[in-house]
Amino acid sequence: LLLRWRRRSGLWRKVKEARERQERGLEQMDKAVRAFRQQHPSVNMVSILSLSLPELSKKIQDGSLPPEHVFYAYVGKALQIARETNCITEYLQESETQLQHTKPTKKGLLYGVPVSIKDSISCQGHDSTLGFVKNIDKPMAEDSVLVQVLKRQGAIPFVKTNVPQSLISYDCNNLIFGQTCNPLLYTRTPGGSSGGEGALIGGGGSILGLGTDLGGSLRFPAAFCGICALKPTGNRLSKKGAVCGISGQKSVTATVGPMAKDVESLALCMRALLCEDMFNLDSTVPPLPFNEEVYSSTQPLRIGYYETDFFTMPSPAMRRAVRETKQLLEEAGHTLVPFELTNVDYSTFNFIVRGMFADGGTSFLKNFEGELEKGSLGMFFWLAKSPNWLKTLLSWITKPFYFLLTCPGFASFFSTVEELWSLHHEIEESRHQFIAQWKKLNLDVMLCPMLGPALRIGYPAKLSVTVSYTMLYNSLDFPVGVVPVTLATDEDEKELKNYQGYFGDWWDRTLATAFSSAEGMPVAVQCVALPWQEELCLRFMKEVETL
């Protein structure tokens, strides 16, 4: 007991030191901004912050706006949003040195643009904690490939942002840095796992950020905070140096992608990243530069759409967002074709849950060994360590109350390599069937719902099953983006009182509560394209955004 007490005391000391370092970083930001304002009292910070990324980049490129002015405008705003939402974990003080050494003669596409980076994406000399105490004081030896490319394109990474413990959550809370709040309503989650990015960009403290996505981790924060994000095909951008929550699993495809206020900013970021530097630094990435012709096309699109996946009942605002967007697209001359999803419950539990935790959750659980707390995963830990006969018995007993616990993925994991390979084959076949249905309807892109409005803080931990709308496209490995299209209304709130869900169980009732009282919060849609067609996905997103 004494040894255990001493060890825990040591871990709490590390947490305290990490929090103090976080606070020192914020104080350094404050000091730097104050010094800049004293030297340049006439600089109009508000006008700089009002520019879109393309406008900002153009002014920096033509010399009408000094990179120094832009940098300190965003450091000041980021500090404000960090104080309000607790979204920043670390200030990259070397960004000030990089700013001083920025060469006007070598202007990349993102020259002088401050960029925020998710905690799990490696920056040399800084921790990637994933919310785990054991990862404190373990600085990364080098920048991830994408951070290297950003720097070569002239961008200035200046802060790292908060994540949920382990990344396997769409909330944003961990023992080290605490809870991040939604900048639009502090009682709501900003989403996760790229929640710090969502909060910072949504609050205007960053103009461009990098996040990751294994089940919606770019899309939840974008939708909940009213911004845009692109989840590319799994290997379109380099993942080298991006730390994953479950290393080694191949059933569900993780990816890295950009987050910004608007679609044109995402496109500019993709142009910058899809360059020779990235292809040379990571030869596993296919050398496909940005296809300008596809992105700038104005040809009418043939668009599939659906309002529900028949697994997670959409909120009234979600359904309305799809219907209104469909109508606007039809009025603009595009063709909308109904698309019917089938067996989403089977895909969610067999392909995704069983696929991610095929080893019985061993790899995932190993991350938590020696940690001070396991967040809200107590039940998962207990289930993962239980024998299959007990899981089956529990699913039968709880059927009247928790219908979803009766699904196969909750009852058992795999015990042999043969079973895992069989699953991979099944996932492959499912992908081919989905594409065949897409091609049969002769579709270009797809419009579909995105979970929203933002849930109350703490509810994502109770509602992990609601990732069905996002995780489908990680399982299929399709590029998909999120665009905010409307705000939750009083009428949506009234309709929510009749929300039943598809199963009428505890999860459905809890989801109705999580959605409630969100009038005025953003609601988004997802825009999907076939694998490797990020430019077409962005083109569709731009169309939706414009309309």
Exercise for the section: Return only the number of the condition from (1) under 23 Å from the mean Cα position of the chain (by Cα); (2) of a type outside the set (G, A, S); (3) open to solvent by less than 10 Å² (accessible area, probe 1.4 Å) that L530 does not satisfy. Expected result: (3)
Exercise for the section: Mind listing whichever residues of region 62-92 are under 26 Å from the mean Cα position of the chain (by Cα) and open to solvent by 30 Å² or more (accessible area, probe 1.4 Å)? Expected result: K77, Q80, R83, E84, N86, E90
Fill in the blank from the handout: Taking region 165-207 and keeping residues among the β-branched types (V, I, T) and part of a loop (DSSP other than H, G, I, E, B) leaves I168, I176, T180, T187, T189, I207
Completion exercise
Of the residues in region 313-345 that are small (G, A, S) and assigned to a helix (DSSP H, G or I), the one that is surrounded by the fewest Cβ atoms within 10 Å (Cβ to Cβ) is A317
Problem - Members of region 464-506 that are within 15 Å of P314 (Cα to Cα), open to solvent by less than 20 Å² (accessible area, probe 1.4 Å) and small (G, A, S) - result: S468, A488, G501
Handout entry: Residue count, region 246-297 (criterion: part of a loop (DSSP other than H, G, I, E, B), open to solvent by less than 50 Å² (accessible area, probe 1.4 Å) and small (G, A, S))
Key = 3
Fill in the blank from the handout: Pairs returned, first residue in region 57-82 that is of a type in the set (D, E), second residue that is open to solvent by 10 Å² or more (accessible area, probe 1.4 Å) and part of a helix (DSSP H, G or I), beta-carbon separation under 8 angstrom, 6 or more apart or interchain, are E68/L99
Handout entry: Matching residues in region 298-312 - criterion: being surrounded by fewer than 19 Cβ atoms within 10 Å (Cβ to Cβ) and not β-branched (V, I, T)
Key = Q299, P300, R302, Y306, E307, F310
Exercise for the section: Restrict the check to region 513-521 and report whether at least one residue is part of a helix (DSSP H, G or I), modelled with pLDDT of 95 or more and surrounded by fewer than 20 Cβ atoms within 10 Å (Cβ to Cβ). Expected result: yes
Exercise for the section: Check region 346-360 and report whether any residue there is among the aliphatic types (A, V, I, L, M), in a loop (DSSP other than H, G, I, E, B) and at pLDDT below 90. Expected result: yes
Problem - Counted residues, region 1-33 - those being part of a helix (DSSP H, G or I), farther than 19 Å from E90 by Cα and open to solvent by 30 Å² or more (accessible area, probe 1.4 Å) - result: 8
Handout entry: Meets criteria (open to solvent by less than 40 Å² (accessible area, probe 1.4 Å) and not aliphatic (A, V, I, L, M)) for S95
Key = yes
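The values are calculated or read from the model by the stated rules, or taken from the named source; none is laboratory data. Remember, it's a predicted structure, so these values are computed and weren't measured experimentally. Glycine also receives a Cβ, built like all others from the backbone with ideal geometry; neighbour counts cover every protein chain displayed. SASA here: full protein model, heavy atoms, side chains in, ligands and nucleic acids out. Shrake-Rupley method; radii C 1.70, N 1.55, O 1.52, S 1.80 Å.
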